[in-house]
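What follows is a short report on a single structure.
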Amino acid sequence: MGWAIHLHLVAAIAWIGGAFFMFILGISLRNKEDQDAVYPRIGPIYGWFETGALMILIFSGYIMIRNNGLLDILFSNISNEVIDALRIKLQIVVVIFVLTVVHMVISFKTLHKKKSPTQRLFSKVSSMGIFLLNLVVLHYAMVLRDIL
């Protein structure tokens with residue numbers, strides 16, 4: 001695995017750590033004026049930082065899967081504890097990726113504008129979905145680590 005696992009771990013720390021920070025920030029900023037003062041300033045920085053971390057996670061994960069000869073196995077009928085856990089983890093990552101795209105499109109589109117009720121709903125649902133699914137992915141990462 002070499003460098004890929006180290007890169008993957010650092011990116012995972014950045015990705016999940018950033019999500020925790022934004023979750024705590026969202027809970028603590030109840031006042032609309034405080035939110036309007038903070039989010040337009042840190043949102044774009046956070047968005048690009050997290051996008052970079054996600055791209056590193058996807059790239060390093062792909063490298064580890066390929067280097068360990070699991071790419072063909074993932075798309076076969078083979079089933080075992082490792083492959084099944086990896087498949088579930090990757091399916092959740094795909095959902096997180098889609099939710100991230102939805103959230104970023106809405107966030108950048110409405111950066112200095114008021115969100116419509118629909119945009120607000122999708123933004124909050126995608127953000128919470130990303131946060132919760134990160135915890136599930138983390139669980140499957142630990143399951144895989146325990147098995148290996």
Can you tell me which residue among I106, I147, I130 is closer than 30 Å to G69 by Cα and surrounded by 13 or more Cβ atoms within 10 Å (Cβ to Cβ)?
I130
Identify, from the list I88, I65, I147, I130, the residue that is in contact with a Phe, Trp or Tyr (Cβ under 9 Å, 6 or more places away or on another chain) and of a type in the set (V, I, T).
I88
Here is a list of conditions, (1) under 27 Å from I45 (Cα atoms); (2) part of a loop (DSSP other than H, G, I, E, B), and V136 meets all of them except one; can you say which number that is?
(2)
Looking at (1) within 28 Å of I45 (Cβ to Cβ); (2) loosely packed, with under 13 Cβ neighbours inside 10 Å; (3) not aliphatic (A, V, I, L, M), which is the only condition N80 fails?
(1)
So is P44 over 21 Å from W15 (Cβ atoms) and touching a residue at least 40 places away in the same chain (Cβ under 8 Å) or not?
no
Scan of region 98-148 for residues that are touching a Leu at 6+ places or on another chain (Cβ under 7 Å) and within 30 Å of I73 (Cβ to Cβ), ordered by number
T100, G129, I130, L144
Members of region 95-133 that are over 22 Å from I58 (Cβ atoms), β-branched (V, I, T) and part of a helix (DSSP H, G or I):
T118, V125
Which of the residues spanning region 35-53 are aliphatic (A, V, I, L, M) and touching a helix residue (DSSP H, G or I) at 6+ places or on another chain (Cβ under 6 Å)?
A53
With the requirement that a residue be part of a helix (DSSP H, G or I) and exposed (fewer than 12 other Cβ atoms within 10 Å of the Cβ), what does region 18-35 give you?
I24, I27, S28, K32, E33
Quick check: anything in region 134-147 touching a Ser or Thr at 6+ places or on another chain (Cβ under 7 Å) and not hydroxyl-bearing (S, T, Y)?
no
Look through region 1-11, keep the residues that are of a type in the set (G, A, S) and at pLDDT below 95, and return whichever of them is farthest from T51 (Cα to Cα).
G2
What about I92, is it part of a helix (DSSP H, G or I), over 23 Å from A37 (Cα atoms) and under 12 Å from the mean Cα position of the chain (by Cα)?
yes
With the first residue restricted to region 105-120 and required to be more than 18 Å from A37 (Cβ to Cβ), and the second required to be assigned to a loop (DSSP other than H, G, I, E, B), Cβ contacts under 8 Å at 6 or more apart or on different chains are I106/K115; Q119/T110
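The values are calculated or read from the model by the stated rules, or taken from the named source; none is laboratory data. Values in this document were obtained by computation on a predicted structure and should not be read as measured data. Heads up, the Cβs are rebuilt from the backbone with ideal geometry, glycines too, and the neighbour counts pull from every protein chain shown.
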